[in-house]
Every structure is written in C-alpha cells, then in structure tokens.
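Chemist: Pasting in a structure now, in structure tokens, and then I'll have a few things to ask.
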Amino acid sequence: MLKLPLRESFSITTIVIAAILASSPLLIALTGFIPYNYSVYGEIIKSPNATVSGMSFYRGLCRAAGSVHVNRTMLLLTYLSFFDLVSATYFLLSGVIAAYLIARPLEYKYFFIEATYSGGRLPIFLLRLGSAYMLGVFSSILGAMNLAGVVYVLKLYSGISEALLSSIELLLLETLIAVSVSSLISLFTRSFPTSTLGVLGILVLILLLGMKYSFLNSIVLVDRILVGDGSIEAYLAALLVSIVGSVWRADMIEY
C-alpha cells in the first residue's frame, strides 16, 4: 500500500505535467513573451570594476555587449513580465501535481485505506506530500536549465553558472509555496478538479489583490522577491500557514 503514492508519482498524468512544467520557461520564451526592444535606465558602465553613483535601486552589473556593463536591476525589471509568467506557470502546474497526489486519493476514498495500513493519516499524507515535493524539485531543476539558457542568451547575468543558480533558486521557491498551498486546498476540497480550480482561484485572487497591495504578489510570484521589490515576509507567512494548516488538517481529516 505504501508503494501506491510512489507509483502514482510516476504515472502518465504526473509525468506529462512535469514535462510541460520543465519545458515551460523555454516554451514561454519561444512564444513571444520576451520583449524584442527594451530600454535600460541608469548609468552605462564601460569598466567592470566601476561603481554606479546616484542610483537608488541597484543590484550589480551585468554584461550587455562586449565590455559594456549596465545596471543589472534595471535590466532584469525590463523582463519582469516574462519572469512573472514563468512563476505563475510553476505555481499553477506544481499545484496541479500536488492536487493529483493528495486530493485524488481523498476523492476516491482510498487515502483512508492507505492510512489504515501505514499507521495513520498523517504518515501517508507526509509521504504523498514528499512525493509532490520530489516531482516539483525534479521539474524545477530541469526547468532551471531551460530558464538559465534563456536569461543567459538575453545577457541578464554575467555567466551561465550565475544564471543557473538564480534560476534554480526561483523555481525551487515557487514549487515550495505552490505544493504547500495546493496541499492545504486539497485537504479541504477532497476533489482533484475542485482543488485544481482552487489553485487557479488563489493565483487569480492574489494577483487581483496585488494590484492594490503589491506585497501580496510575492506569495504566488516569487520572482518579485528575487528580481523586483517583493515581500519575503508575505511569502514566508503564506508558506508557514500552508504547511501548518496542512499538517493539522491531515491529522484531523475524517472519512
């Protein structure tokens, strides 16, 4: 019975979703979501060791062409819409994977049979949650390779290793919050289709609220923390509430 969660983790459904997830940064870039023309605000630097004076928003230099270096923060912000779309895609699809592994067994009731043979509801939930994280991490690492290639070609980072590390950080943090939020929704809805709609609804709701309270965007768009001026506090608060709420709900859930 304990093998069932692992078997479902490598089902055709989850493999297809994970494959789409891993390739999504490249697919988004190829479908024209990257601006062809952009402007960089701030001082252009000719010497790599020079410093920028008079800049209130500055995070370093990156190579733009030849030996010319520009304000990295301003260049990254130019592509914020691209990073937003990648983050939103990872939030939604990682949430769908978690809903498939957690809400579907609850919907068909075999979650409780698993719980009987595994020693309780909480152990089997943690096993399924771990499987969702495992798939998310695997997809994030593969997706980070695609994302790193895109941002390196755009010369947003000075080297491929820096681009890869930044991409891994972004996608892993996005997966972490997506799976946590989706697991909480799944335990309450106990239905895979409803949980999927719930993840989409949370994404849309946060983005709508973020139009007035911009710090909320960081909950579903982790790139706002790493690239823009997002709120790490809002992200951590949502993550903590989701994890604690999921553990509590899993321990209390009834047939």
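Just so it is clear, none of the values below were taken in a lab; they were calculated from the coordinates. Keep in mind the model is a prediction, meaning the values are calculated, not measured. Cβ coordinates were reconstructed from backbone atoms using ideal geometry, including for glycine residues, and neighbour counts include every protein chain displayed.
Chemist: How large is the Rg to Rh ratio of the range 99-220 when both quantities use alpha carbon positions and Rh follows Kirkwood?
Modeler: Ratio of gyration radius to Kirkwood radius for the range 99-220: 1.08.
Chemist: What do the square roots of 5 times the Cα gyration tensor eigenvalues come to for the range 213-254, in whole Å, largest first, as semi-axes of the equivalent ellipsoid?
Modeler: That gives 27, 8, 7 Å for the three semi-axes.
Chemist: While we're on this one: In angstroms, what radius of gyration and Dmax does the range 154-255 have, counting Cα atoms only?
Modeler: Using the Cα atoms of the range 154-255, the pair Rg, Dmax is 15.6, 55 Å.
Chemist: Right, here's the next one. Provide the FRET efficiency to the nearest 0.05 for the Asp229-Leu205 pair, computing r from the beta carbons and using R0 = 25 Å.
Modeler: Using R0 = 25 Å, I get an efficiency of 0.70.
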